[in-house]
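Values in this text are rule-based calculations from the coordinates and carry no lab data. Not measured: the values here are computed from a predicted model. Reconstructed Cβ throughout: ideal geometry from the backbone, glycine too, with neighbour counts over all protein chains shown.
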Amino acid sequence: MKKKLRLKPYVLPSIYIVLVTIFVISAMSSFEKVPAFEENVTYVSSVILSNETPVISTDDKPVNEILIARPYTDQEVRIGKNFYNYKADEESQKNSIVYYENTYMQNSGIDYVKEEVFDVVAILDGTVLSIDNNELLGNTIEIKHDNNMISVYQSLGTVAVKEGDAVKQGQVIGKSGTSKINKDLGNHLHFEMFKEGQVINPEEWYNKNTKDL
């Protein structure tokens, strides 16, 4: 009877260790080949978002860079009576005096005239503070703007807004008309501007930046 071959107790564990070692070495060799594949990969960026690249367009002008517009768009409108400037020469001051019922008054605004009726527009965005129908001054619209500025439109024939309305720059708010106090001007717009309660000459502020107010 043949004698059976018996393995030593430590032989099987040793074989197992050798097989595992061979497998690990083989796997590591495969990973070392990865860089060769990566040579053909093109990376777009190391980050998805960058603080140096704006996501939102910045083409829009800030609110405080809006230019003040004239209260009309018709290019044929002209000045009928100037703003009274106490620093102006005597002749200019004479042309800035309002005469009504034997009384001489300094003109606190600019009177714009044209034979035909023309559109009157808001010089800036704002809110309509009041609307008044005065027999002496005609229809009047008062608009409050940012920077403590108020614009006043008088001698209007018709009004296209109401008190409390939010208006946009260039929006038609009424039509030119007449008034008793300046009836010699015929069809016109009497326009005034106030900054912090003080009357200012509109002609010195058109096309200026609102941040300068």
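So what J values fall out for the stretch 185-193 if you push phi through Karplus, 6.51 cos²θ - 1.76 cosθ + 1.60 with θ = phi - 60°, rounded to Hz, Gly and Pro as x?
7, x, 5, 6, 10, 9, 10, 10, 10
Can you give the Kirkwood hydrodynamic radius of the stretch 139-194 from its Cα pairs, in Å with one decimal? Could the numbers behind the result be given before it?
On the way: mean 1/r = 0.0838 Å⁻¹.
The answer is 11.9 Å.
Identify, among Ser179, Val199, Thr158, the residue whose Cα sits farthest towards the positive end of the charge dipole of the stretch 157-213, taking +1 on the Cβ of Lys and Arg and -1 on the Cβ of Asp and Glu, with the dipole about the Cα centre.
Toward the positive end, the furthest listed residue is Thr158.
Enumerate the residues in the stretch 71-86 having an amide nitrogen under 14 Å from the point lying 7 Å beyond the Cα of Glu115 toward its Cβ.
Flagged as within label range: 76-78.
Could you list Ser176, Ser151 in order of exposure, starting from the residue whose Cβ has the fewest other Cβ atoms within 10 Å?
Values: Ser176 27, Ser151 23.
Ordered by Cβ neighbours within 10 Å, fewest first: Ser151, Ser176.
Suppose the Debye formula is applied to equal point scatterers at every Cα of the stretch 63-212; what is log10 I(q)/I(0) at q = 0.10, 0.12, 0.14, 0.15 Å⁻¹?
Taking Cα atoms of the stretch 63-212 as identical point scatterers yields -0.32, -0.46, -0.64, -0.74.
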